[in-house]
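The values are calculated or read from the model by the stated rules, or taken from the named source; none is laboratory data. Predicted, not measured: the structure shown is a model, and the values here were computed from it. So basically every Cβ, Gly included, is an ideal-geometry build from the backbone, and we count neighbours across all protein chains shown. Protein only, heavy atoms only, side chains kept; ligands, DNA and RNA dropped before computing areas. Shrake-Rupley method; radii C 1.70, N 1.55, O 1.52, S 1.80 Å.
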Amino acid sequence: MPRFTTSYLATTLESIFKCRVGDVMFSPLAGDASTRRYFRASFRKASGESGTIILMQLESPVAGDETDFTLVLKFLRHL
């Protein structure tokens, strides 16, 4: 079961894209043998442009603002 709602996704997408977002929907994607779950979220920006993103949900919430994945990504960007 996802730990987010369409309302939460809309608010998060609005902060990312800096515009109003509506018609948010999501559906689970087929997984693999890991404990992560993946979802496809579709939405419509205020401009009428539609978009989709892929969400990854870890088995348990991560304490703090960044996961190990994002910390490694930042490190690799500076090599």
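Quick notes
- Within-14-Å neighbourhood charge of L73 [Cβ basis; K, R +1; D, E -1]: -1
- Degrees between helix 68-77 axis and first principal axis of the chain (Cα, 0 to 90, nearest 10): 90 degrees
- The long axis of helix 6-17 is offset from the longest Cα principal axis of the chain by roughly 80 degrees.
- Charge tally for R37 (other residues, Cβ to Cβ under 13 Å; Lys, Arg +1; Asp, Glu -1): +1.
- D32-F75 pseudo-label distance in nm [points 7 Å out on the Cα-to-Cβ vector]: 2.0 nm
- In the assembled protein chains, M56 presents an accessible area of approximately 90 Å² (probe radius 1.4 Å).
- Across region 1-68, Cα pairs under 8 Å and at least six residues apart give a relative contact order of 23 percent.
- Per-residue ellipticity at 222 nm, computed for the chain from helices alone with -39500 (n - 2.57) per DSSP H run of at least four residues, works out to -8500 deg cm²/dmol.
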